[in-house]
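In what follows, a structure is listed as structure tokens, so that the remarks can point back to it.
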Amino acid sequence: MSNFKDAKREHHSFLAAAEKRALIWIAYRIPDCISSDHLTALGFLAMIFAGLSYWYARWNRWALLAVIFWLAVNWFGDSLDGTLARVRNRLRPRYGFYLDHVIDAFGMTTLFCGIAASGYMSWPVAAAFLIVYFILCIEIYLATYTIGVFHLSFIGFGPTELRIVLATGNIALFSHSIAHIRGHAFLLFDVGGVVATIGIAIVLIAATLKHTRMLYLAERLAPATRAEGQSVA
């Protein structure tokens with residue numbers, strides 16, 4: 001436990017640099033009575049309310065706009081908690097890493113169950129997305145442990161960009177819930193969910209191959225040798 005070494009964070013999303021400056025600016029202005037744990041809890045509650053707002057949108061589409069608000073609150077809490085800890089030099093790397101990602105797992109499950117319950121996305125598409133998403137999470141966490149690098153983004157997209165994409169989808173969904181493709185009608189969020197699932201699957205395969213090769217080369221075995229006349233029992 002005492003020899004724990006925090007993994008290197010790699011974040012190269014489109015908004016990463018501007019977001020980092022904004023978060024540091026905000027962190028220095030957060031009252032002392034607010035801690036990183038408070039922000040983590042706020043981000044988690046916001047994700048729950050986003051899922052509930054999707055569910056309520058089944059009867060009132062104005063709840064789709066409430067989802068956008070809760071996504072913004074989630075960004076504030078989830079993105080700022082670690083920055084606040086670093087600014088105040090109150091780091092707890094094991095606790096923070098574990099809690100943040102366990103909460104993310106529960107939050108994403110709640111969010112996509114809410115989307116499916118809204119009727120704007122079918123349950124099979126929501127389930128497929130969650131399965132591929134969680135497999136990618138497993139790959140990321142295994143790579144963090146074995147390679148010592150924690151990837152926060154892929155091909156320019158990180159959590160913030162994904163929130164923006166989802167919020168943009170909500171605005172489109174507010175007026176058009178159906179997409180017409182080659183004469184066939186599909187739920188707009190089913191189309192988006194399938195595209196997102198395929199995209200994540202491609203990233204997953206690419207990351208798995210890359211990291212497997214990296215680890216294989218790092219731990220390449222020398223040719224096995226056997227002494228003359230030695231037998232294997």
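Under the condition of being assigned to a helix (DSSP H, G or I), touching a His at 6+ places or on another chain (Cβ under 8 Å) and among the small types (Gly, Ala, Ser), the residues counted in the range 153-212 number 1.
Residues are listed down the side, and each one gets a yes or a no for (1) over 29 Å from Cys113 (Cβ atoms); (2) within 17 Å of the chain's Cα centre (by Cα):
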| site | (1), (2) |
| --- | --- |
| Ala17 | yes, no |
| Ala27 | yes, no |
| Ser35 | yes, no |
| Gly43 | no, yes |
| Ala50 | no, yes |
| Ala57 | no, no |
| Ala72 | no, yes |
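Of all positions in the range 73-86, at least one carries a residue that is modelled with pLDDT under 95, surrounded by fewer than 16 Cβ atoms within 10 Å (Cβ to Cβ) and closer than 25 Å to Ala17 by Cβ.
This table checks each residue for (1) at pLDDT below 95; (2) touching a strand residue (DSSP E or B) at 6+ places or on another chain (Cβ under 7 Å); (3) closer than 24 Å to Leu65 by Cβ.
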| position | (1), (2), (3) |
| --- | --- |
| Ile178 | yes, yes, yes |
| Ile181 | yes, no, no |
| Phe186 | yes, yes, yes |
| Val191 | no, yes, yes |
| Val195 | no, no, yes |
| Thr212 | no, no, no |
| Glu219 | yes, no, no |
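Which members of the range 15-47 meet the condition of being closer than 23 Å to Ser153 by Cα and of a type in the set (Val, Ile, Thr)? If the condition is that a residue be closer than 23 Å to Ser153 by Cα and of a type in the set (Val, Ile, Thr), then Ile24, Ile26, Thr40 are the ones that fit. Screening Tyr216 on (1) in a helix (DSSP H, G or I); (2) surrounded by 11 or more Cβ atoms within 10 Å (Cβ to Cβ); (3) not charged (D, E, K, R) shows it passes everything except condition (2). The single residue among Tyr98, Tyr145 that is under 25 Å from Arg213 (Cβ atoms) and either more than 11 Å from the chain's Cα centre (by Cα) or at pLDDT 95 or above (or both) turns out to be Tyr145.
Here are some residues: Phe134, Phe150, Phe129. Which one is touching a residue at least 12 places away in the same chain (Cβ under 8 Å), in a strand (DSSP E or B), within 30 Å of Arg94 (Cα to Cα) and out of contact with any Leu (no Cβ under 8 Å at 6 or more places or on another chain)? Answer to the check: Phe150. Quick check on the range 106-125. Is at least one of its residues surrounded by fewer than 16 Cβ atoms within 10 Å (Cβ to Cβ), touching a residue at least 60 places away in the same chain (Cβ under 8 Å) and assigned to a helix (DSSP H, G or I)? For the range 106-125, residues surrounded by fewer than 16 Cβ atoms within 10 Å (Cβ to Cβ), touching a residue at least 60 places away in the same chain (Cβ under 8 Å) and assigned to a helix (DSSP H, G or I): present. Based on what the data block shows, is Gly51 part of a helix (DSSP H, G or I), modelled with pLDDT of 95 or more and not hydroxyl-bearing (Ser, Thr, Tyr)? In short, yes. Could you please let me know if Ala143 is farther than 21 Å from Cys113 by Cβ and surrounded by 16 or more Cβ atoms within 10 Å (Cβ to Cβ)? Against the criterion (farther than 21 Å from Cys113 by Cβ and surrounded by 16 or more Cβ atoms within 10 Å (Cβ to Cβ)), Ala143 qualifies.
Sub-6 Å Cβ pairs linking a first residue in the range 13-31 that is under 17 Å from Asp81 (Cβ atoms) to a second residue that is small (Gly, Ala, Ser) and assigned to a loop (DSSP other than H, G, I, E, B), at least 6 apart or interchain, number zero. None of Ala172, Ala185 is over 12 Å from the mean Cα position of the chain (by Cα), over 23 Å from Leu209 (Cα atoms) and surrounded by 14 or more Cβ atoms within 10 Å (Cβ to Cβ) except Ala172. Within the range 57-75, the set of residues being assigned to a loop (DSSP other than H, G, I, E, B) and in contact with a helix residue (DSSP H, G or I) (Cβ under 7 Å, 6 or more places away or on another chain) comprises Ala57, Arg58, Arg61.
The values are calculated or read from the model by the stated rules, or taken from the named source; none is laboratory data. No experiment lies behind these values; they were computed from the predicted model shown. Virtual Cβ from ideal backbone geometry, glycine too; neighbours counted across all protein chains shown.
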